[in-house]
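The numbers here are math on the coordinates, done by the rules we state, and not lab data. Note that the coordinates shown come from a computational prediction; the quantities given were computed from them, not determined experimentally. All Cβ positions, even for glycine, are placed from backbone atoms using ideal geometry, and neighbour counts span all protein chains on display.
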Amino acid sequence: MFSVVVLISGSGSNLRALLEAATSSDYPARIVAVGADRECAGLTHAEDFGIPTFVVAPAAFTSRDEWGSALVSAIEPWQPDLVVCAGFMRIVPALAVSALFPRLINMHPALLPLYPGAHAVRDALADGANVTGATIHVVDEGVDTGPVIRAREVAVHQDDSESSLHERIKVEERQLIVETVADIARERIDLEEISRR
Ligand code: GAR
């Protein structure tokens, strides 16, 4: 069975969508472990589903390379076919990117290349955008710069706050990540080919 490690930093609603999807016998992937860069609420979703967790906190290491190496060491025993950053709010160190590329993907709450970085929803609102969205991309060494796999638009409403818009984006993201992981597992998406573009 196609196996997935999910990395998170926060509430983990996208992780939960994947965990729920993976309980279906029709779903072609299984979540084998969940990792985080800090103790966070999302880890409880993994516990609810009996999935093992690990925390590799950057503060415990003296350099980004050491942290990256520890992250890879925590992921590798699971021999995942895919690693999904689902609200993992760290730039993955180059060493970990090269160990996992192209089977490391990220979700981002904007239509990349617009609004990269940690405040994508706030930046879209500040910019007066009428439309923003969600993007899933292969992780490379840049900040939200890797090849795009899929994206979905979300309209910005005039009375949107950062949290109301982010919640509507997350509704789309949860569907998009569940569909995208399934399509990668079913070989309907070829990450090697996307990464050569
Ligand atoms: C999602 O909107 C995801 O796109 C975003 O964090 C949220 C996590 O939500 N990621 C980034 O902004 C990465 N730059 P969740 O914890 O409820 O799944």
Taking the chain and dividing mean pair separation by its residue count, relative contact order in percent (alpha carbons under 8 Å, at least six apart):
20 percent
With n ≥ 4 as the cut-off for DSSP H runs, can you work out [θ] at 222 nm for the chain, using -39500 (n - 2.57) per run divided by the number of residues, rounded to the nearest 500?
-10500 deg cm²/dmol
In nanometres, what is the gap between the two model label sites at ASP48 and ALA94, each 7 Å from Cα along Cα-to-Cβ?
4.0 nm
Interchain or sequence-distant (5+) residues whose placed amide H lies within less than 5 Å of the amide H of THR53 are VAL34
Which order do peptides 166-174, 110-118 fall in by mean Cβ count within 10 Å, highest first?
166-174, 110-118
Treat every Asp and Glu Cβ in the chain as -1 and every Lys and Arg Cβ as +1, leave all other atoms uncharged, and give the resulting dipole magnitude about the Cα centre to the nearest 20 debye.
140 debye
Would you mind computing, in nm to one decimal, how far apart the modelled labels at PHE61 and GLU193 are, each placed 7 Å from Cα along Cα→Cβ?
3.4 nm
Specify the inter-centroid distance of the range 130-150 and the range 1-55, based on alpha-carbon positions, in whole Å.
21 Å
Report, for the chain, the % of DSSP beta bridges that are antiparallel, rounded to 5.
40 percent
Alpha carbon centroid spacing (whole Å) that separates the range 156-197 from the range 72-98
18 Å
Run the quick spin-label model on ASP26 and GLU167: label points 7 Å from Cα toward the beta carbon, then report their separation in nm to one decimal.
2.9 nm
Under-5 Å amide H pairs with ILE149, H placed in peptide plane, nonlocal only:
ILE136, HIS137, VAL138
